[in-house]
Structure formats: C-alpha cells, structure tokens
Ligand SMILES: Nc1ncnc2c1ncn2[C@@H]1O[C@H](COP(=O)(O)OP(=O)(O)O)[C@@H](O)[C@H]1O
Ligand SMILES: [Mg+2]
C-alpha cells in the first residue's frame, strides 16, 4: 500500500499533448477514478503510472520513491486491462502466477500467493481451467487476481467492467470496491462511464483533452462544477446561452431574464439541473418562473423527462416524478415551470477564463 504523487505529468506525441500538466496526490488507500470522454488521455495516464508509457515531462512518486524512469516490473503496480489480457493457453493458476514469475518469487511462495489471490476473488477451485472455460465475469476476476497476487502498492484498473453486461457490471463494481476497501489498496481506475465513476470513487478527476478540469468528491463535482464541461459530464445540466444584463440578471439568447445567486458578468452559459426545476402552480412563487410548451416526453418509469420550450432559442428538460393518480403532461401542453435563483450557475464563455 502506498500513496501516489503525480507531479506536472505530460505526454506528447509529436506536437500533440495527450496528457498535459497533470498533478494529483493520491493518499494511501484512496479509490481515485479518472473520468472523461474517450480519447481524453486516461489510459495514457494510467500506463505512465504503470511504467508502460514514458512521460514527456513531470514525475511519478510511489510511496515517496521517484519511479518515473523505472520499468514496470520495478514499480510494484498491478494493472488490469479492459480486455483482461489473459493468456489463452495458460490455466487460471498459471495466468495468476505470471507476474510472480516475472518478479522471481520462489515456487512455494508463488503457490501460496496464487491460491490467496484466487480466494480473494472467489475463484477457489478454478485454478486448472483455461480462460475460455470461464464466463466474462470470471475472466475479469482472474485478471484482478493476477494484479493482486504480488501484493501491489497500487492497483490500476483500465475500464475493467466495460466488457461485462449491465447486470454483472453492477455486481463486479461492488466486489471490486469491497475488495479494495478490505485490502486498503490505493487504486486508480479509468472509466468514461459516469455512473460507474460516481458509484465507486472516493474522489474523481474529470479529464478533457489531456487536462484535469476538476478533482474532487462526487458532491464537489455535482454541487460545484468548475466549468461547463464538468457540469455537463457529471450528472445532467440544462444549458442556456446568454450574458449579463445591465442590472446583473442573466439574459438568455431567447430573451429570458433569469435571477442567479451571483451577478452575471459578460457572456456565459447558465447551467441548471433538471431536478432543480419545479413544475405546476408552485413554480409561480419561485425567483424564476416561466411558461413553456411541452415538446418532447421521455417516459423512464419512475420519472419522466419533459422537454419544455421557453422561447425559440431556449428549451430545458425538467424531471417529473411519476406518482400514481397525478395527471402527467402531454405533448403540446403549456406548462408553468420555475426555479430558485440559487439553482442556476453561470459559467463564463469557454476559453475566456476558467
Ligand atoms: N502511441 C501513441 N501515439 C500517438 N497518439 C497516441 C498514442 N497513444 C495514444 N494516443 C492518442 O492519445 C489520445 C489519448 O489516448 P488515451 O489515453 O488512450 O485516451 P482514453 O483512454 O481517455 O480514451 C488519443 O487521441 C490517442 O489517439
Ligand atoms: Mg482508454
């Protein structure tokens, strides 16, 4: 177990920075998730921590030791790939023993470590099978056992659940998290799936185009997103473009005058969570209240997503609980909606300032 320190880490291919000036301190035992869209540099970051990709600049410290230039097998990190990367012709036991052989562990210790690792992932008795004789979920657990067998200081998981079907994915999420907590393992997981990230992480790094846009807990990211990208990527937001009116209200492109917690300045975008918007008569008493026409309804079971057009340029999605006995809106209905000033958050135009 160890802390991980990432200092101003960059990776450049030719002129192209795929990771840019990334700094993160990961305390011992933390489950940190790198979350971001495909191509934003998550895997590259993970592979730099593991030692498979050489950084262009910056440093990586594991347990206080600078490992930036060390090869993978000298840094004691356990990496689990999206594709599992099991050797098809080796048995489960031999697959799990692989990292131990690389590290020159004695045969007796190796056997003990392999059976302990298989026990941890609940695959005792499967040691003699070949990977193709296992389900996807079991193969993933073999990959996990292989990464755990040599007791790594840091566990690195690259989209470990993306090849599993939805139901299994939720089970394995819980399994990985419980195991990580039980072992107190410092863990860095990469994913593009926000549900997975939010449900597993102690803290998250939201990445875009090689940069960390925000580092924080679920609560930090959801309640205080640093910029428009984070507001749209973590949870959902409605966005209304516009800018400051002379009186400090936010004036949308479509002419809505909107009160916000703080004075608007310059051009910007107002972000509003769908669940913060009230619908019906009570909406009229809120700081901001408008009438709009229902344009589209998505029936999601317990809730309905209702898209309401407020002006030719402004439309927002509101969430309506599907309670029995209540009349639900229909397409074309006129709906009163409203929200308190504190619900809206204005971000300056991207690229102007952050
Ligand atoms: N060896 C490489 N040479 C050139 N470009 C690369 C190389 N590896 C990755 N990239 C580029 O770096 C960017 C980030 O890739 P990656 O870290 O795999 O993203 P993610 O895991 O977030 O989807 C992508 O645009 C990818 O094409
Ligand atoms: Mg990737």
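The values are calculated or read from the model by the stated rules, or taken from the named source; none is laboratory data. All of these numbers come straight from a predicted model, not from anything done at the bench. Every residue, glycine as well, gets a Cβ built from its backbone with ideal geometry; the counts of neighbours run over all protein chains shown.
The sole residue among 120, 134, 90, 156 that is closer than 23 Å to residue 189 by Cα, in the same structural domain as residue 35 (by TED's automatic domain parsing) and more than 16 Å from ligand 2 (Cβ to nearest atom) is 120.
The set of residues from segment 27-36 being closer than 18 Å to residue 186 by Cβ and surrounded by 14 or more Cβ atoms within 10 Å (Cβ to Cβ) comprises 28, 29, 30, 31, 32, 33, 34, 35.
Sort out which residues of segment 2-19 are away from ligand 1 (no atom under 16 Å from the Cβ), at positive phi and either modelled with pLDDT under 95 or part of a loop (DSSP other than H, G, I, E, B) (or both), and write them in order of number. If the condition is that a residue be away from ligand 1 (no atom under 16 Å from the Cβ), at positive phi and either modelled with pLDDT under 95 or part of a loop (DSSP other than H, G, I, E, B) (or both), then no residue fits. Of all residues in segment 38-59, those satisfying the criterion of being in contact with a strand residue (DSSP E or B) (Cβ under 6 Å, 6 or more places away or on another chain) and near ligand 1 (Cβ under 9 Å from one of its atoms) are 40, 41, 42, 43, 44, 45, 46. Every condition in (1) in contact with a helix residue (DSSP H, G or I) (Cβ under 6 Å, 6 or more places away or on another chain); (2) within 19 Å of residue 223 (Cα to Cα); (3) in contact (Cβ under 8 Å) with a residue 60 or more places away in the chain holds for residue 340 except the one numbered (1).
Of the helices (runs of 4 or more DSSP H) lying entirely inside segment 180-234, the ones with 1 or more residues being under 20 Å from residue 46 (Cα atoms) are found at 194-200.
Conditions (1) more than 17 Å from residue 236 (Cβ to Cβ); (2) surrounded by 14 or more Cβ atoms within 10 Å (Cβ to Cβ); (3) in contact with a strand residue (DSSP E or B) (Cβ under 9 Å, 6 or more places away or on another chain), marked per residue:
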position: 269; (1), (2), (3): no, yes, yes
position: 277; (1), (2), (3): no, yes, yes
position: 282; (1), (2), (3): yes, no, yes
position: 303; (1), (2), (3): no, yes, yes
position: 308; (1), (2), (3): no, yes, yes
position: 311; (1), (2), (3): yes, yes, yes
position: 315; (1), (2), (3): no, yes, yes
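Only one of (1) touching a helix residue (DSSP H, G or I) at 6+ places or on another chain (Cβ under 9 Å); (2) under 20 Å from residue 153 (Cβ atoms); (3) within 16 Å of ligand 2 (Cβ to nearest atom); (4) at pLDDT 95 or above is not met by residue 68, so which one is it? Among (1) touching a helix residue (DSSP H, G or I) at 6+ places or on another chain (Cβ under 9 Å); (2) under 20 Å from residue 153 (Cβ atoms); (3) within 16 Å of ligand 2 (Cβ to nearest atom); (4) at pLDDT 95 or above, the lone unmet condition for residue 68 is (3).
Scanning segment 188-234 for residues being on the phi > 0 side of the Ramachandran plot and not assigned by TED's automatic domain parsing to the domain that holds residue 81 gives a total of 0.
One residue stands out in segment 37-57 among those that are within 13 Å of ligand 2 (Cβ to nearest atom) and either surrounded by fewer than 16 Cβ atoms within 10 Å (Cβ to Cβ) or on the phi > 0 side of the Ramachandran plot (or both): the one that is nearest to the chain's Cα centre (by Cα), namely 37.
For segment 13-22, a tally of residues being away from ligand 2 (no atom under 16 Å from the Cβ) and within 17 Å of the chain's Cα centre (by Cα) returns 0.
Residue 87 is checked against (1) buried (at least 17 other Cβ atoms within 10 Å of the Cβ); (2) farther than 23 Å from residue 234 by Cβ; (3) touching a helix residue (DSSP H, G or I) at 6+ places or on another chain (Cβ under 6 Å) and fails just one. What number does that condition carry? Here residue 87 clears every test but (1).
One residue stands out in segment 231-240 among those that are out of contact with any helix residue (DSSP H, G or I) (no Cβ under 6 Å at 6 or more places or on another chain) and more than 11 Å from residue 194 (Cβ to Cβ): the one that is surrounded by the fewest Cβ atoms within 10 Å (Cβ to Cβ), namely 239. Of all residues in segment 27-36, exactly one satisfies the criterion of being part of a loop (DSSP other than H, G, I, E, B) and within 13 Å of ligand 2 (Cβ to nearest atom), namely 36.
Here residue 98 fits the description: more than 21 Å from residue 212 (Cβ to Cβ), in the same structural domain as residue 191 (by TED's automatic domain parsing) and in contact (Cβ under 8 Å) with a residue 40 or more places away in the chain. Just one of the listed residues (35, 22) is within 22 Å of residue 204 (Cα to Cα), in contact with a helix residue (DSSP H, G or I) (Cβ under 6 Å, 6 or more places away or on another chain) and either more than 12 Å from ligand 1 (Cβ to nearest atom) or in contact (Cβ under 8 Å) with a residue 24 or more places away in the chain (or both), namely 35. Put simply, of 160, 152, 107 the only residue that is out of contact with any helix residue (DSSP H, G or I) (no Cβ under 6 Å at 6 or more places or on another chain) and within 16 Å of ligand 1 (Cβ to nearest atom) is 160.
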